[in-house]
Amino acid sequence: MAAPRISQPLAPGKFTFNQVMIIGEGGLGQVAKIVITASQAPAINVGSEWAIKKLNAKWKSHPEARARFDREIAALQSMDHPNIIRCWGENIPSGERFYGPRPTGSIS
């Protein structure tokens, strides 16, 4: 799979990705497998697989749902326990809210 052309250089810490598949879906969000296509983030290598959780499209314009999703991100970022998925980052590309659970191995 060829990486997309990037018209402007990525800023430090930024990356782009292609969504490969939906892993799971719930009422508020969905978890997707992604492959990194370009990266200026030191710990995120091109070609590596990650998972992201994003807010379902039907909730993007609902302030209460967005606030709940933001609280979920804040809660995960404050926790550090081996039985809790840690949040490695968050982003709002083009207004789409998502965060990335830190990977622990192969994503299927």
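Quick note: the coordinates plus some simple rules give every number you see, no bench work behind them. Since we're looking at a predicted model, the values are computed, not measured.
Which whole-Hz couplings ³J(HN,Hα) result when phi for each residue of the stretch 82-87 is put into the Karplus expression 6.51 cos²θ - 1.76 cosθ + 1.60, θ = phi - 60°, listed in order with x for Gly and Pro?
Karplus-based 3J(HN,Hα) across the stretch 82-87 equals x, 9, 10, 5, 8, 8 Hz.
Taking H as built 1.01 Å from N, whose amide H comes closer than 5 Å to the amide H of Asn56, not counting residues under 5 places away?
Gly29, Gln30
Rounded to whole Hz and in sequence order, give me ³J(HN,Hα) for the stretch 31-45 from the Karplus expression 6.51 cos²θ - 1.76 cosθ + 1.60, θ = phi - 60°, writing x for Gly and Pro.
Taking θ as phi minus 60°, the curve returns 10, 10, 7, 10, 10, 6, 9, 7, 8, 10, 9, x, 9, 10, 8 Hz for the stretch 31-45.
Please list, in chain and number order, the residues 5+ apart from Ile85 or on another chain whose amide H is under 5 Å from its amide H, with Hs placed from the backbone.
Result for Ile85 returns nothing.
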